Amino acid sequence: MRGLPAVVLLAVLLLGGCVETRFESPLGDDIATCDARLEGLWADPDAPVRGTSAVYVDHECRAIVLSQTEPGTPLRRIHVPVNFAKVGRHDYLVIADAELGGLADIPPVFGIEPVPQRNFYFVRYRIRGDRLVLARADSEKIAKLIIDGELDGTVSRTRNDLHVFVQGDRAKMLDIVRHHDLFRADKDSYLVRRDQDIAAYERELLDSQAGRTD
């Protein structure tokens, strides 16, 4: 995911800067804790040259975000709980905003009192060979649906920011995703599988940053 902190698996692609959409409830009741197809290391296609972070999914299906505070430093390892949902032919990551505190400073949702303890990001994904293709919520489209009264929620927009909150229970979230095309895959929103464990990836990354090739 170029220019974005890797996850998010990985999400936080969700956080795509100052534009985001959060959902009040998880995506239906049929939520899984694992997709075994994701086991292994997923990184930016240009890693380690760019010094970007990566995501490692271990044999227990835990998603571990790997990142550096600055070039040449050891990788930080942050566990981000991720759940999974399948709606029709599409697969989705379901990530609670409260679980992302180790990656980003996430403000409360706009215009809701009392402030909910947690809300959710959805990311649609598909695996194509050694690529993990990610599609984040189309905040512009969802905001218009809320403004037009087709969806319940709030929209906060300034010159550079757009924060969208979609309201409803689990069944409503499922209905919304089934009946609206709300996700878009940007050209560079993908990770590639690397045949390495965390230690090998870290060595390659640090060697590259130090200018070593052997």
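The values are calculated or read from the model by the stated rules, or taken from the named source; none is laboratory data. All values reported here derive from a predicted model rather than from experimental measurement. Here the Cβ positions follow ideal geometry from the backbone for every residue, glycine too, while neighbour counts run over all protein chains shown.
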Using the structure shown, decide if residue 201 is outside any loop (DSSP other than H, G, I, E, B), closer than 22 Å to residue 66 by Cβ and in contact with a helix residue (DSSP H, G or I) (Cβ under 7 Å, 6 or more places away or on another chain).
no
Name the single residue that is modelled with the lowest pLDDT among those in the stretch 35-78 being of a type in the set (Val, Ile, Thr) and assigned to a loop (DSSP other than H, G, I, E, B).
49
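Residues checked against (1) in contact with a Gly (Cβ under 9 Å, 6 or more places away or on another chain); (2) of a type in the set (A, V, I, L, M); (3) modelled with pLDDT under 95; (4) more than 30 Å from residue 41 (Cα to Cα):
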{"position": "107", "(1), (2), (3), (4)": "no, no, yes, no"}
{"position": "113", "(1), (2), (3), (4)": "no, no, yes, yes"}
{"position": "128", "(1), (2), (3), (4)": "no, no, yes, no"}
{"position": "140", "(1), (2), (3), (4)": "no, no, yes, yes"}
{"position": "147", "(1), (2), (3), (4)": "no, yes, no, yes"}
Please work out which one of (1) surrounded by 18 or more Cβ atoms within 10 Å (Cβ to Cβ); (2) in a strand (DSSP E or B) is the condition residue 103 fails and give its number.
(2)
Given the structure, is residue 85 of a type in the set (A, V, I, L, M), touching a Lys or Arg at 6+ places or on another chain (Cβ under 7 Å) and farther than 18 Å from residue 194 by Cβ?
no
Which one of these is surrounded by fewer than 18 Cβ atoms within 10 Å (Cβ to Cβ) and under 17 Å from residue 168 (Cβ atoms): 89, 128, 77, 118?
118
Does the stretch 149-184 hold any residues that are surrounded by fewer than 17 Cβ atoms within 10 Å (Cβ to Cβ) and assigned to a loop (DSSP other than H, G, I, E, B), and which are they?
149, 150, 152, 158, 159, 160, 161, 168, 169, 180, 181
